[in-house]
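Q: This is the structure, below, for whatever I ask next.
Every number in this text was worked out from the coordinates using simple rules, so none of it is lab data. The structure displayed is predicted, hence computed values, not measured ones. Cβ sites come from the backbone with ideal geometry, for glycine too, and all protein chains shown count toward neighbours.
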């Protein structure tokens with residue numbers, strides 16, 4: 001069996017460049033190899049600059065996917081009785097609330113219609129009514145394509161003395177993430193979206209103030225103190241995956257070479273080109289214009305079109321992967337990712353042309369059967 | 001900077017073959033790609049056969065290192081008040097006890113001198129005095145090179161109605177692991193030792209009876225029910241790392257082609273050849289003959305020899321990595337791994353020759369300075 005070549009335009013993973021693939025297939029090193037330990041130092045510095053973290057923040061990568069980053073943030077800051085206020089604008093806000101509940105936190109959810117951003121006034125109001133130790137917010141809601149106003153919400157949390165947990169899984173490396181301005185904050189992401197590495201690592205940064213608010217961590221694997229001992233003081237904790245580390249390190253070199261601002265602009269421009277092309281096809285996005293991600297586009301499935309059939313057509317005929325809707329949006333949207341190395345004008349054009357054909361076929365053309 | 005080529009003869013990772021490296025660098029797929037989902041089915045079957053698990057066991061791989069496997073076993077079976085008896089014959093038995101304690105279990109430790117195996121009578125005695133919900137045992141204690149009599153201890157646990165948690169991190173794919181005979185059992189391992197893939201995945205198997213003894217899992221990331229939903233029912237849980245999955249899948253194909261019995265014999269023979277060669281050099285192993293692993297050799301550092309200097313010499317002059325002692329054995333032993341693709345007669349000969357030179361240099365030769 002040969003592994004098929006896909007053009008990854010779904011909610012992630014995004015395409016991995018040749019340079020990053022070469023780094024991934026470097027000779028395997030152990031977790032305590034002197035060379036690898038130097039790479040870890042360099043990786044911490046590159047991650048900190050990508051997060052725009054303060055010099056005294058603790059920044060490293062968890063050995064797991066983005067969800068392990070979410071759980072690491074919670075496991076180090078929440079315990080039974082912790083009061084948490086979580087903005088739920090979609091599937092991943094809900095997941096963050098669930099993980100907090102599993103750790104015993106008393107969670108108040110600010111439920112927002114899927115497809116809309118959270119009005120910061122609702123957070124202000126919630127914290128006035130009930131102070132919270134933690135405020136959880138997903139900056140880039142991958143399930144709806146919505147950008148939440150995280151700078152404003154972090155400011156409100158800061159004024160109320162709450163730690164803010166920010167999920168930047170679908171923004172880091174592609175849209176502005178400014179943790180150093182967020183006060184007592186923890187922010188996590190993943191390796192396989194805006195950064196363009198394979199999945200398996202979860203970058204995470206704790207501000208110095210957040211580190212002082214740690215609780216007893218039930219998890220040994222995700223204990224940030226033990227991870228700091230390994231990353232900074234070379235004390236064995238787990239056998240970190242050298243191929244994933246070398247790949248992420250190379251992906252971050254590419255981010256650095258391009259420059260964060262230029263990278264953000266590229267993502268914005270290709271998003272705009274996609275939206276314009278979709279509009280020509282008569283297609284619209286779920287979130288209103290000011291609330292959209294540049295990385296993940298939630299495209300409404302028009303009436304009379306078979307949602308799954310179009311995805312299958314794109315995969316079978318063009319090798320293009322896009323994502324389906326989750327939860328209440330299943331069958332109602334497609335999720336089209338333009339992230340990392342995948343955010344190019346050529347990919348926008350190729351995708352629009354393929355989508356046009358697939359939608360036409362689904363409306364009665366001869367090429368799709370269910 | 002060029003990544004150095006190492007001969008990995010430490011406690012893991014073990015060398016990764018060309019075939020597995022090629023699989024690792026296959027085109028990247030998403031976690032829901034139809035091709036990848038087929039690979040997951042095939043991977044489950046290959047893992048089950050490597051564990052020698054019963055057909056009704058649940059076998060999959062956790063997206064993390066061996067320690068995440070350890071934590072997954074605990075997080076799904078232990079809660080505050082759970083009574084656990086843990087055999088501690090070294091660093092990893094202690095880690096298992098610590099993780100159980102973090103999850104609220106009442107842990108009784110059976111402490112055994114580091115370098116010796118546990119006498120099963122001590123487990124029998126402990127369970128008679130205090131029945132336990134769980135018995136934890138590390139089959140292959142990586143910190144001491146000791147093989148524990150896991151078949152006997154699992155039998156005792158079974159007769160007492162206890163679930164047995166077996167750590168097979170340094171045995172699976174290299175030494176006999178027979179989970180189907182262990183009753184109500186959970187067994188986990190890692191990808192980067194006996195199996196010969198890069199680190200980052202933790203194979204795990206729950207017997208059908210163990211699945212009925214699950215508790216509420218505080219961890220979302222390690223919840224075996226949610227993982228089962230993804231692996232078996234394709235319900236999204238996390239973005240599994242396709243490169244790691246494809247690499248492990250290929251490594252298991254190699255295990256299957258060689259045959260488990262032949263593979264065990266190869267590990268035994270190369271271990272024996274190493275012991276014989278060490279003895280010619282005047283070197284001895286920490287554990288007595290009947291209690292030794294074939295995968296990991298704990299070699300006593302002779303008087304007058306600089307432990308770290310020898311390791312540095314091997315790494316700098318020969319590119320050979322071996323491991324240091326952990327905890328009370330730091331400075332007292334070297335840990336020499338012959339695992340997976342690394343267990344060859346050529347590696348034994350190369351290592352013995354390099355070690356002889358390094359030890360001589362350390363005893364007063366001109367080539368090592370501290």
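Q: Determine, for A:188, A:230, the number of other Cβ atoms within 10 Å of each Cβ, and report the residues in order from fewest to most. Provide the component values of the computation, followed by the final result.
A: Numbers: A:188 27, A:230 19.
Fewest-to-most ranking of A:188, A:230: A:230, A:188.
Q: Place the label 7 angstrom along Cα→C-beta at residue A:360 and in each other copy, then list the distances from the first to the rest in nm, shortest first.
A: Taking the point 7 Å beyond Cα along Cα→Cβ, the inter-copy spacings are 7.8 nm.
Q: Quick one: with label points 7 Å out along Cα→Cβ, list the inter-copy distances for residue A:49 in nm, shortest first?
A: For residue A:49, the inter-copy label distances come out at 4.9 nm.
Q: Still on this structure, I have one more. Provide the three semi-axes, in whole Å and in decreasing order, of the ellipsoid equivalent to the stretch A:136-233 as defined by the square roots of 5 times the Cα gyration tensor eigenvalues.
A: Values: eigenvalues 95, 77, 23 Å².
Value: 22, 20, 11 Å, ordered largest first.
Q: If I take all pairs of Cα atoms in chain A, what percentage of them are more than 29 Å from each other? Please list the in-between numbers first.
A: Details: 27953 of 68265 pairs.
Considering chain A, 41 percent of its Cα-Cα pairs are separated by more than 29 Å.
Q: Can you sort B:16, B:275 from fewest to most other Cβ atoms within 10 Å of each residue's own Cβ?
A: Working: B:16 28, B:275 18.
Least to most surrounded, the residues fall as B:275, B:16.
Q: Further, regarding this structure: Return P(r) of the stretch A:36-187 (all Cα-Cα pairs; 10 Å bins starting at 0; whole %; ordered from short to long distances).
A: 12, 43, 35, 9, 1
Q: I'm checking a number: the convex hull volume of the Cα atoms of the protein assembly as shown, normalised per residue, in Å³. What is it?
A: On the way: hull volume 106.9 nm³, N = 740.
Per residue, the Cα convex hull of the protein assembly as shown comes to 145 Å³.
Q: Any idea what the residue A:208 label distances to the other copies are, label 7 Å down the Cα→Cβ vector, nm, shortest first?
A: Copy-to-copy label distances for residue A:208: 5.9 nm.
Q: Can you say what percent of the DSSP beta bridges in the protein assembly as shown, counting only those with both residues inside, are antiparallel? Round to 5. Don't skip to the end; give the middle numbers.
A: On the way: 38 of 78 bridges.
Among the beta bridges of the protein assembly as shown, antiparallel pairing accounts for roughly 50 percent.
Q: Additional query: Once you put a point 7 Å from the Cα of residue B:289 and another 7 Å from the Cα of residue A:363, both along the Cβ direction, what distance in nm separates them?
A: The two pseudo-label positions are separated by 8.3 nm.
Q: If you line up the long axis of helix A:120-129 against the longest principal axis of chain A, both from Cα atoms, how many degrees apart are they, to the nearest 10?
A: 40
Q: Now for a separate question. How many percent of DSSP beta bridges within the stretch B:133-192 run antiparallel, rounded to 5?
A: Values: 2 of 11 bridges.
Taking every DSSP beta bridge with both residues in the stretch B:133-192, the antiparallel ones total about 20 percent.
Q: Could you tell me the ratio Rg/Rh of the stretch A:41-88? Both radii from Cα atoms, Rh via Kirkwood.
A: Details: Rg = 13.2 Å, Rh = 12.7 Å.
When Rh is taken as the Kirkwood radius, the ratio is 1.04.
Q: Would you mind getting me the FRET efficiency between residue A:125 and residue B:5? Use the beta-carbon distance for r and R0 = 60 Å, nearest 0.05.
A: Details: r = 60 Å, r/R0 = 1.00.
It comes to 0.50.
Q: Given the DSSP H assignment, sum -39500 (n - 2.57) over each helix run of at least 4 residues in chain B and divide by its residue total; what's the result at 222 nm in deg cm²/dmol, nearest 500? Walk me through the numbers before you get to the answer.
A: On the way: 12 runs with 151 residues, N = 370.
Computed ellipticity for chain B at 222 nm equals -13000 deg cm²/dmol.
Q: What average count of beta carbons from other chains do you get within 10 Å of the Cβ of residues in B:240-252? It would help to have the intermediate numbers written out before the result.
A: Numbers: counts 4, 13, 7, 13, 6, 1, 1, 3, 0, 0, 0, 0, 0.
Counting other chains' Cβ atoms within 10 Å and averaging over B:240-252 gives 4.
Q: Let me ask another. Could you work out how far helix A:224-233 tilts from the main Cα principal axis of chain A, as a 0 to 90 degree angle to the nearest 10?
A: Once rounded, the angle reads 80 degrees.
Q: Once you average over the residues of B:65-77, how many Cβ atoms of partner chains fall within 10 Å of each Cβ?
A: Per residue, the average neighbour count from other chains is 3.
Q: Mind checking the mean number of beta-carbon atoms from other chains within 10 Å of the Cβ atoms in B:9-16?
A: On the way: counts 0, 4, 4, 3, 10, 2, 2, 5.
For this peptide, the per-residue mean of nearby foreign Cβ atoms is 4.
Q: Compute the angle between helix A:150-159 and the longest alpha-carbon principal axis of chain A, please, reported from 0 to 90 degrees and rounded to the nearest 10.
A: That works out to roughly 30 degrees.
Q: So how do B:82, A:344 line up by other beta-carbon neighbours within 10 Å, fewest first?
A: Working: B:82 19, A:344 14.
So the ranking, lowest neighbour count to highest, is A:344, B:82.
Q: Would you mind telling me the antiparallel percentage of the DSSP bridges in the stretch B:18-257, rounded to 5? Please list the in-between numbers first.
A: Working: 10 of 28 bridges.
Of those bridges, close to 35 percent are antiparallel.
Q: Ok, one more. Label residue A:308 and residue B:232 with points 7 Å out from Cα along Cα→Cβ: what is the distance between them in nm?
A: About 2.1 nm separates the two model spin labels.
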